[in-house]
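The values are calculated or read from the model by the stated rules, or taken from the named source; none is laboratory data. All values reported here derive from a predicted model rather than from experimental measurement. Here the Cβ positions follow ideal geometry from the backbone for every residue, glycine too, while neighbour counts run over all protein chains shown.
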Amino acid sequence: MVVALRPWSADDAPALLHAVRESPDLARQLGTTLDDIAACREHIETHLAPGADDLAITVDGVAVGNVGVSDVDPRHGTAWTYYWLTSGHRGRGLATRALATVATRAFTELGIFRLELGHRVNNPASCRVATRAGFAAEGVERAKLRYGAERFDVETHARLATDPVPDVALVPVLG
């Protein structure tokens, strides 16, 4: 199994469609309907394409997830990070490795000092990803996210450039 990060391409549309079908929670989080190849291709070209802040998490060349950094504030040296993984690839440490990799890049290449993320409190697996990648829990923001009519509390985590580096094998970044 070869794991890598790389920019998304329109050729990843079938993999994105598979991810959304395999993980119904993902479609809800993305906030859009991705029910065919054309919609997935458009989503990639509009939101995930090269030049965006997103990288595909790949296994043997196939996109199985996403990780990225956004909302970079150079004045304060802060940014936001996020990730998702198809349900069939969860529980293998892939999201943790991808998150640790983009955090390292944010600190070294973007000059970020504080990198933040948040996860729904009803998602303990995402909390484990964040914690294992070196992100300390900082508190709960009540009813921060809304998916459909439902609101979710979010636990915020952060990692500082001066925090200890987690003992996590980083993932090669291609392209």
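Side notes on the structure shown:
- The residue that is nearest to PRO24 (Cα to Cα), counting only those in the range 78-108 that are surrounded by 19 or more Cβ atoms within 10 Å (Cβ to Cβ) and among the small types (Gly, Ala, Ser), is ALA95.
- Residue within the range 104-118 that is of a type in the set (D, E, K, R) and either touching a Lys or Arg at 6+ places or on another chain (Cβ under 9 Å) or farther than 24 Å from ALA63 by Cβ (or both) present: yes
- Total residues in the range 36-64, condition among the aliphatic types (A, V, I, L, M) and in a helix (DSSP H, G or I): 5
- No other residue among ALA13, ALA27, ALA4 is surrounded by fewer than 23 Cβ atoms within 10 Å (Cβ to Cβ), part of a strand (DSSP E or B) and either aliphatic (A, V, I, L, M) or modelled with pLDDT under 95 (or both) apart from ALA4.
- So THR33, is it free of Cβ contacts under 8 Å to residues at least 12 places away in the same chain and part of a loop (DSSP other than H, G, I, E, B): yes
- Residue in the range 129-175 that is surrounded by the most Cβ atoms within 10 Å (Cβ to Cβ), counting only those that are within 15 Å of the chain's Cα centre (by Cα) and of a type in the set (S, T, N, Q): THR156
- Test: residue in the range 88-97 that is of a type in the set (D, E, K, R), free of Cβ contacts under 8 Å to residues at least 60 places away in the same chain and within 24 Å of SER23 (Cβ to Cβ): yes
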